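Following: one structure in C-alpha cells, then a few remarks.
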Protein chains: 4
Amino acid sequence: MHFFSDNATPVCPDVMAAMAAADRADHGYDGDIWSARLNGVFSDLFETPVEALWIASGTAANSIALACLCPPYGGVLCHEEAHIVVDECGAPGFYTHGASLMALPGAGAKLSPDIVTERLKAIRPDVHQVPARAISITQATEYGLAYTPDEVAALGAVAREYGLGFHMDGARFANAVAHLGCHPGDVTWRAGVDVLSFGCVKNGGMIGEALLFFGDRAQARAAEAARWRKRGGHLFSKGRYLAAQLLAMVEGDLWLRNAEAANAAAQALAAGAAGRLMYPVEANELFIRLTAQEAAALRAQGFDFYDWGEGAARLVTNWSHDAASVKPLADALGTLSA
Amino acid sequence: MHFFSDNATPVCPDVMAAMAAADRADHGYDGDIWSARLNGVFSDLFETPVEALWIASGTAANSIALACLCPPYGGVLCHEEAHIVVDECGAPGFYTHGASLMALPGAGAKLSPDIVTERLKAIRPDVHQVPARAISITQATEYGLAYTPDEVAALGAVAREYGLGFHMDGARFANAVAHLGCHPGDVTWRAGVDVLSFGCVKNGGMIGEALLFFGDRAQARAAEAARWRKRGGHLFSKGRYLAAQLLAMVEGDLWLRNAEAANAAAQALAAGAAGRLMYPVEANELFIRLTAQEAAALRAQGFDFYDWGEGAARLVTNWSHDAASVKPLADALGTLSA
Amino acid sequence: MHFFSDNATPVCPDVMAAMAAADRADHGYDGDIWSARLNGVFSDLFETPVEALWIASGTAANSIALACLCPPYGGVLCHEEAHIVVDECGAPGFYTHGASLMALPGAGAKLSPDIVTERLKAIRPDVHQVPARAISITQATEYGLAYTPDEVAALGAVAREYGLGFHMDGARFANAVAHLGCHPGDVTWRAGVDVLSFGCVKNGGMIGEALLFFGDRAQARAAEAARWRKRGGHLFSKGRYLAAQLLAMVEGDLWLRNAEAANAAAQALAAGAAGRLMYPVEANELFIRLTAQEAAALRAQGFDFYDWGEGAARLVTNWSHDAASVKPLADALGTLSA
Amino acid sequence: MHFFSDNATPVCPDVMAAMAAADRADHGYDGDIWSARLNGVFSDLFETPVEALWIASGTAANSIALACLCPPYGGVLCHEEAHIVVDECGAPGFYTHGASLMALPGAGAKLSPDIVTERLKAIRPDVHQVPARAISITQATEYGLAYTPDEVAALGAVAREYGLGFHMDGARFANAVAHLGCHPGDVTWRAGVDVLSFGCVKNGGMIGEALLFFGDRAQARAAEAARWRKRGGHLFSKGRYLAAQLLAMVEGDLWLRNAEAANAAAQALAAGAAGRLMYPVEANELFIRLTAQEAAALRAQGFDFYDWGEGAARLVTNWSHDAASVKPLADALGTLSA
C-alpha cells in the first residue's frame, strides 16, 4: 500500500469520465466550450469574479503566478522550505526572469506576519537591494498545516501595507479547506490573496491545475498569465481535456469530497501514530518519528513511504483512501507504538 | 465536417485505451514503468540509440530542443514562416534566454542549403554579431511539403561544416515519413539531425510529444533537456499518462497508420481540388485558391476550414479521416472547379 | 589619417577637462552633484521635463530603453540593418528577456510608416503571435541619413495609434540635428519619441551616453531603467565621471559644435567623392563606390577606412575633423574620380 | 573627512595619467594596444597564464564570472551577506538567467568548508532540486577579513571534489593580499580559484575592474565572458581607457602600494578604536561599536561615515589615506574610548 505521495495516485473515476466526455472535436487551445466555462464555475465557487486558466502543473502555475506579481529585479517572500524554493529547480527564477526568492524561517513551514515584516523593514529602498514585490505561501504548508482565515488575512494585511502581490500555492488547497471547514473565499480573496494555484492533480486529477486571479487586477494579470502560458509551451492544443478535469473537480464539489476522504484517512493514521507526530495533522500528510527498524518493519508489511531524514518518515494519504482503507497501516503504527 | 486543424481532433481510441491502462499508481514524474521504456522503443524505431523525453506540447519540445543547441547569445537559422517564428509567442526566446531566430526565405517554407550558407557567410566572427549555432527545419513544412532524405542531408552537411546543431520540428513528422516512404532514420539522424520533436498530438494523441536526441551528445543534451523540462513546469507528476500515449503511438506503428489515413484523405481532396492547389500535397494539408464566394458555398454545405489570406484557404485532414470519409468535400471541391 | 569610425577617436579636450574637474570625493553611484544636474540640463536643452540617466554604452542605453518599452513576449519594430539587430550580439534580447526584434526593410536603413503599418496589420491579436510593443529607429540612420521632424512624427503617429512605445537610437543624434538645423525637441518628444539614447561617445566623449525619457510616463520608466542599469552592472560607483562628461557635452552646446565639425568634414569629402556616393551625405558618414584598386591607392597615401562589402567603402568623420583637416582625403578622392 | 566608502574616492593620479596617455586614436572596443597587453601583464603578476578582460564594474564582473560557471538551473554557494546577495539588485540572477544564490551563514562573512559541505550534502541529485555549480567568496570579506591561502585552498578542495567552479569577488583583493603578505597566486589559482574579479575602482581606479580566468578552461570561459560583456552592453568602444587604468594599477605594483596605504590607515584607526572593534581589522574596513551620541560627536568634528545598524558604524579607509592622514580620526576615536 503506497503512501509515497498523493501526486502519483490514479486519476479519480469522475475525472476520467469527464475527459472521455470531452473526447470530441472542438476549437483548439482554450477556444473550446469546456475552457469557456472555467471563469463562471470558479466565480461561483469563490463567490467573486474569478479569472481562471488551466495550467498543466503546479510548478508552472506557481511560476506563472509569480511572474504576474513580481518583476525580474524584485523578490518574493516565502518560506525557506516552500516547494517553490526547494523542489522546482528554479522554475520561479525562470518564469520571473531572475527574481529572488527571499526565504524565511517559520515553524511548520508557515510564514508569520512578524517575520515577514521584519524582513521587509530590513530592505533599503535604493536600487542596490532587491525590493520585495510579492508574498507566496503554501496552503496547506509543506508540513501539512492549514493557515486559518485569520492567519492568511494577517499576511494579506502586510501585503497590502507594503504594496506586495499575494500568491497562494494551493497544491493541497482542498485538504486545507476541508480541514478548516471554511468557505474557500475566506482563506483567499477575502483574506487578500491575489492569485491562487488551485491544485487538482494531487486531489485526483491527471494533468492540470487551475490558476485563479482575484480582485481588481484579475483581468490584466490573467492576460499576462495567458502570455506566459503560451510562452512556456503550456497552451496545449487540446486544452479541453484539462478544462474538463477542472470542471469535474469543481462541479458537484468533488474537490472537497476527495480531500475529505484523504483527510479522514490521515486522521485515522494519526490516531494510530499518536505520540509520534512531529506536527499536528490537519491535511493529508503525516510526519512521524520512526526508527529505521520501525520503518523496515512497516515496509515488511507492505507499506511504502518516504523517509524524512533520519529517524522520521512522511506518510501521505490521497483521494482514493478513507479511514477504513488505511486501517491496516493505522493498526500497524499503533502496534509499533505499543 | 471540420478541416480546421489536425490539432483539435479527438484522441485516437488506441491512445485513449493506453492512457486508461496506465491509470494505476506508480512512481511520480518519469520514474514509472512507461517512461522507462521510451528510450528503448524509440531506439528500436530509429535503429540507433535514442534518448527520449515526453514533453507536453510542440512549442515546449521545440523550445527545449533549441535551448539544448543554442546559447543565449547565439542564433537559430530557420524559415521565416516557421512555427517557432510565427506561432509560439517567442517561446524559443524564452527557453534559450534570448537567442535570435534568424529568419530566412524559401519556397514552400523550405530552407535551402544555399540560402542558409549565404546567411552564414555574412556573419562576422566577432563578438558584435550573433553567431549561428543551430538550424531548425519543419518536417513536413508549414505548407505541407516533405523534405527528402537528400534535402535534409544537404542541410545536415552545412550544419556539420559550420559546427551547428540541427533540429527538426516534426509536428507532422509522421505525415512526412508516410509520404516519403522512407525509414524515419533516413530523414533524421542519418541525415545529420541532432534533435527531433516527434509530434503525436496532431496525429491522434491527447497531450504529449516526444523529444528525441540522437548521436554522440544525445545523453548530455537529454540531461540538459530534463532540467529545462522541470524548470519549464513540464515535468508532470503523473507523467505516465504521457509516456503511455507515446508508447501507444510507436508500438504497432500506429503513428504511421494514422498519418497514412490523413495523407490519403488529403490526396482525395487534392484530386477534387485539382487546379486550385498552391503547393503540391505531400502530407495532410492543402492550400488552395478559393474565392470568398466559393468558400461560403462550401461552408453552407457544412465544411469548416480556415481562410488563408484573401482568395485562399487551408484544409487539414487528420488521423480520423480517410479517402472515403472526405469524399463529400472532395466532391464539393470538384463541383466548384467545374 | 583614420576614417574607421567616430567611436575610436580621442576624447574631446573639454570633456577631458570636465572629468578632471570631477576628480574629487563625492557620494557614490549617482548620488553626486554632477548626476543631480542631469535632469535639469537636459530638460532645458529639450524644453520639456526630461528624466536623464547616464549609461556607459550605446548598446546598454538602447537595450535598457527597449526593456522599459517592451515586455519579454513583445516585439520591437526596427530596421533590418539597425545596430540593435546587427551589432549588439543580442543585447536587446538579453535586457528585454527575449523580446523579438521585428526586422523590416527600408531604403537607407530608414523605417517608413507604410512598411511599419503593413507589418502591424499582419499580426493576429491572439496569444500565439508576438505583439508589437515598440518602434525603434536610428537617428542618423546606419547609412548616415537624418529623419526629418515630419518623418519622425509620421512614425510617432503610428506608434500612438497602435499603442507602441517609441525609441530613438541617437548614437549620432547630434550629427542629425546639426544637419537638420532643427530644435532637438522637434525630432524627439514633439514627434512622439518616448525614449532617446543621446549619444556622446562618438561625438567626443570617453564612456557614457545619456538615456532620456520624455512624456507622462517618463518618471516611471526612468525608475525602471535605474533598476536595469543597476542589474546590468552599469551603476558605476564613481558615476560622477560619466555625469561630468554629459554635462560638458550639453552645456555650451559642445555636442552641436562637435557634430557640426564632423558634418562639415563629411561634406568636404562628399564634394571630393562626387559621383561615388551611394547615399546622400547628411551626417558624418560616407558610403562610396570604390574599387579594390582605388581603395589600395588611398591606403597607400595613409588614409584608413573600412571596406563596405565589395566595391564599396565607408568613411566616417569625427569631432576632431573639419573641412580643412580632411582636405587631403577630399583631394585624393577627387583625383581618383578624375 | 570622508570614511563612507573607498568606492567614492578620487582617482589615483597615476591612473589619471595613464588615461591621459591613452587619449589618442586606436582601434575600437578591445582591439587597442592597451587591451592587447592585459593577458601578459596579469599572467606575469600571477605567474600563470591568465585570460584578462576589463569590465566596468564589480557587479558586472561578478555576474559575468558566475554566468561562466553556473547554468541557469544551477546554484552558487555564497555567504548570506555577500555583495552578490545583498547589494547587486539581483544582477547575478540577470546574467546567469535565473541561477539561485545559495546563501550560507558564517562568522565575519566567511564561508567555511564545513558549512559548504553540509549544504552540498543536503542537495538531492534529482532534477527537482537546484544543483550547486559554483562557490563564490569575497576577498576581503564584507567585514574586512582576509581568507588565508589555506582557507581558500580548503574551499578550493571542496569545489574540486564536487565539480564546482570557484569564483572570488576581489573588490578589495589588493587589501587582502597586502594584509596577508602572500603572492596573489597563493590565494587564487594555487588555491583552486577559477575566476577572480580583480578590483581596481575601490583601490584608485575610475571605471574598470579586471576579470581574470585561470586554469585549463580559462580560454573557453573568457570567450564566453567576452560574449556576456558585449551582450551586457559592457564592450565600450573606447575600451583603451579602461585597459590603461588596469595596466597602471598592475605595472609598478600600484595596486599593492595603494592597498598598503589604505590598510595602514585602517590599522591606525583600529589602534584608536581599541575595544570597539567588532571584527579584527585586516583590510581597510573597520566595524566598530559606537553609540548614536558618539557618532554625533565624531560627525561634529567633521568625520563622515555610515551607521551600521544600531550602536555600530563602518569606517572605510582608502588609497589616498595613510596612518598620518587619518590621525585626527584615530585620535578622536581614542578620546571617545577614554
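So that you can scan it fast, the table gives a plain yes or no per residue for (1) at positive phi; (2) not assigned by TED's automatic domain parsing to the domain that holds A:TRP319:
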site	(1), (2)
A:VAL201	no, yes
A:GLY204	yes, yes
A:PHE214	no, yes
A:ALA218	no, yes
A:LEU277	no, no
A:GLU282	no, no
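Any idea which residue in region A:200-216 is nearest to the other protein chains (Cβ to nearest Cβ), counting only those that are over 15 Å from the mean Cα position of the chain (by Cα) and open to solvent by 10 Å² or more (accessible area, probe 1.4 Å)?
Looking at residues that are over 15 Å from the mean Cα position of the chain (by Cα) and open to solvent by 10 Å² or more (accessible area, probe 1.4 Å), I get A:ASP216.
Tell me, yes or no, whether region D:250-262 has at least one residue that is over 30 Å from D:ALA210 (Cα atoms), open to solvent by less than 60 Å² (accessible area, probe 1.4 Å) and modelled with pLDDT of 95 or more. Walk me through it before giving the result.
Quick first cut of region D:250-262, residues over 30 Å from D:ALA210 (Cα atoms) only: none.
Looking for residues that are over 30 Å from D:ALA210 (Cα atoms), open to solvent by less than 60 Å² (accessible area, probe 1.4 Å) and modelled with pLDDT of 95 or more, one finds none in region D:250-262, hence no.
On the given criteria, is C:ILE33 of a type in the set (Val, Ile, Thr), touching a residue at least 60 places away in the same chain (Cβ under 8 Å), out of contact with any strand residue (DSSP E or B) (no Cβ under 7 Å at 6 or more places or on another chain) and more than 22 Å from C:VAL158 (Cα to Cα)?
Numbers: of a type in the set (Val, Ile, Thr): yes; touching a residue at least 60 places away in the same chain (Cβ under 8 Å): yes; out of contact with any strand residue (DSSP E or B) (no Cβ under 7 Å at 6 or more places or on another chain): yes; more than 22 Å from C:VAL158 (Cα to Cα): yes.
For C:ILE33, the condition - of a type in the set (Val, Ile, Thr), touching a residue at least 60 places away in the same chain (Cβ under 8 Å), out of contact with any strand residue (DSSP E or B) (no Cβ under 7 Å at 6 or more places or on another chain) and more than 22 Å from C:VAL158 (Cα to Cα) - is met.
Do you know which residues across region D:65-89 are open to solvent by 10 Å² or more (accessible area, probe 1.4 Å) and either polar (S, T, N, Q) or touching a strand residue (DSSP E or B) at 6+ places or on another chain (Cβ under 7 Å) (or both)?
Matches in region D:65-89: D:CYS68, D:LEU69, D:PRO71, D:GLU80, D:HIS83, D:VAL85.
Right, A:ILE55: over 30 Å from B:PHE4 (Cα atoms), within 15 Å of the chain's Cα centre (by Cα) and in contact (Cβ under 8 Å) with a residue 12 or more places away in the chain or not?
On the way: over 30 Å from B:PHE4 (Cα atoms): no; within 15 Å of the chain's Cα centre (by Cα): yes; in contact (Cβ under 8 Å) with a residue 12 or more places away in the chain: yes.
For A:ILE55, the condition - over 30 Å from B:PHE4 (Cα atoms), within 15 Å of the chain's Cα centre (by Cα) and in contact (Cβ under 8 Å) with a residue 12 or more places away in the chain - is not met.
Determine, yes or no, whether D:ILE137 is modelled with pLDDT of 95 or more, surrounded by fewer than 24 Cβ atoms within 10 Å (Cβ to Cβ) and either over 27 Å from D:GLU251 (Cβ atoms) or more than 20 Å from the chain's Cα centre (by Cα) (or both). Write out each step before concluding.
Numbers: modelled with pLDDT of 95 or more: yes; surrounded by fewer than 24 Cβ atoms within 10 Å (Cβ to Cβ): no; either over 27 Å from D:GLU251 (Cβ atoms) or more than 20 Å from the chain's Cα centre (by Cα) (or both): yes.
Taking the combined requirement at face value, the residue does not satisfy it.
Please go through region D:1-22 and pick out each residue that is open to solvent by 20 Å² or more (accessible area, probe 1.4 Å) and without any contact (Cβ under 8 Å) to a residue 24 or more places away in the chain.
D:PRO13, D:ALA20
Answer yes or no: is there a residue in region D:118-125 that is assigned by TED's automatic domain parsing to the domain that holds D:ILE64 and modelled with pLDDT under 95. Before the answer, list the steps.
Residues of region D:118-125 assigned by TED's automatic domain parsing to the domain that holds D:ILE64: D:118-125.
Filter once more, so that each one left must be modelled with pLDDT under 95: D:124-125.
Yes, region D:118-125 contains at least one residue that is assigned by TED's automatic domain parsing to the domain that holds D:ILE64 and modelled with pLDDT under 95.
Which number in (1) buried (at least 22 other Cβ atoms within 10 Å of the Cβ); (2) more than 10 Å from the chain's Cα centre (by Cα) marks the one condition that D:GLN219 misses?
Going through the list (1) buried (at least 22 other Cβ atoms within 10 Å of the Cβ); (2) more than 10 Å from the chain's Cα centre (by Cα), D:GLN219 breaks only (1).
Does B:ALA244 count as more than 18 Å from the chain's Cα centre (by Cα), buried (at least 24 other Cβ atoms within 10 Å of the Cβ), under 24 Å from B:PHE198 (Cα atoms) and outside the structural domain of B:ASN318 (by TED's automatic domain parsing)? First the steps, then the outcome.
Details: more than 18 Å from the chain's Cα centre (by Cα): yes; buried (at least 24 other Cβ atoms within 10 Å of the Cβ): yes; under 24 Å from B:PHE198 (Cα atoms): yes; outside the structural domain of B:ASN318 (by TED's automatic domain parsing): yes.
For B:ALA244, the condition - more than 18 Å from the chain's Cα centre (by Cα), buried (at least 24 other Cβ atoms within 10 Å of the Cβ), under 24 Å from B:PHE198 (Cα atoms) and outside the structural domain of B:ASN318 (by TED's automatic domain parsing) - is met.
Looking at region D:222-236, which of the residues that are open to solvent by 20 Å² or more (accessible area, probe 1.4 Å) and in contact with a Phe, Trp or Tyr (Cβ under 9 Å, 6 or more places away or on another chain) is farthest from the other protein chains (Cβ to nearest Cβ)?
Only one residue fits best here, namely D:GLU224.
So which residues in region A:275-295 are charged (D, E, K, R) and either open to solvent by 20 Å² or more (accessible area, probe 1.4 Å) or touching a Pro at 6+ places or on another chain (Cβ under 7 Å) (or both), if there are any at all? Outline the logic, then answer.
First, pick out the residues of region A:275-295 that are charged (D, E, K, R): A:276, A:282, A:285, A:289, A:294.
Scanning region A:275-295 gives A:ARG276, A:GLU282, A:ARG289, A:GLU294.
Can you tell me which residue is farthest from the other protein chains (Cβ to nearest Cβ) among those in region D:20-72 that are farther than 19 Å from D:LYS202 by Cα and among the polar types (S, T, N, Q)?
Per the stated criteria, the residue is D:THR48.
Which condition from (1) crowded, with 19+ Cβ neighbours inside 10 Å; (2) under 30 Å from B:LEU329 (Cβ atoms) is the one that B:VAL50 breaks?
(2)
Can you name every residue in region B:296-322 that is touching a Leu at 6+ places or on another chain (Cβ under 8 Å), crowded, with 17+ Cβ neighbours inside 10 Å and not β-branched (Val, Ile, Thr)?
Listed by number, the residues that qualify are B:LEU298, B:PHE303, B:PHE305, B:ALA313, B:ARG314, B:LEU315.
Across region C:79-95, what is the number of residues that are in contact (Cβ under 8 Å) with a residue 40 or more places away in the chain, in contact with a helix residue (DSSP H, G or I) (Cβ under 6 Å, 6 or more places away or on another chain) and under 23 Å from C:GLY144 (Cβ atoms)?
3
Could you go through region D:163-175 and let me know if any residue there is of a type outside the set (Val, Ile, Thr) and open to solvent by 40 Å² or more (accessible area, probe 1.4 Å). Full working, then the answer.
Kept after step one, since they are of a type outside the set (Val, Ile, Thr), are these residues of region D:163-175: D:163-175.
Going one step further and asking which of them are open to solvent by 40 Å² or more (accessible area, probe 1.4 Å), we end up with D:163.
Yes, region D:163-175 contains a residue that is of a type outside the set (Val, Ile, Thr) and open to solvent by 40 Å² or more (accessible area, probe 1.4 Å).
Which count do you get for residues in region B:263-291 that are over 13 Å from B:THR317 (Cβ atoms) and either in contact with a Ser or Thr (Cβ under 7 Å, 6 or more places away or on another chain) or at pLDDT below 95 (or both)?
Qualifying residue count, region B:263-291: 3.
Do we have any residue at all in region C:110-130 that's under 15 Å from the mean Cα position of the chain (by Cα) and open to solvent by 20 Å² or more (accessible area, probe 1.4 Å)?
Checked against the condition, which is being under 15 Å from the mean Cα position of the chain (by Cα) and open to solvent by 20 Å² or more (accessible area, probe 1.4 Å), region C:110-130 yields at least one hit.
Identify, from the list A:ALA107, A:ALA122, A:ALA140, the residue that is away from chain B (no Cβ under 14 Å), without any contact (Cβ under 8 Å) to a residue 24 or more places away in the chain and within 27 Å of A:ASN284 (Cα to Cα).
Values: A:ALA122 fails: within 27 Å of A:ASN284 (Cα to Cα); A:ALA140 fails: without any contact (Cβ under 8 Å) to a residue 24 or more places away in the chain.
Exactly one of A:ALA107, A:ALA122, A:ALA140 is away from chain B (no Cβ under 14 Å), without any contact (Cβ under 8 Å) to a residue 24 or more places away in the chain and within 27 Å of A:ASN284 (Cα to Cα), namely A:ALA107.
The values are calculated or read from the model by the stated rules, or taken from the named source; none is laboratory data. Only a predicted model underlies this, so the values are computations on that prediction, with no experimental measurement involved. Methodologically, a virtual Cβ is constructed for each residue, glycine included, from the backbone with ideal geometry; neighbour enumeration extends over all protein chains shown. Heavy atoms of the whole protein, side chains included, go into the accessibility calculation; ligands, DNA and RNA do not. Shrake-Rupley method; radii C 1.70, N 1.55, O 1.52, S 1.80 Å.
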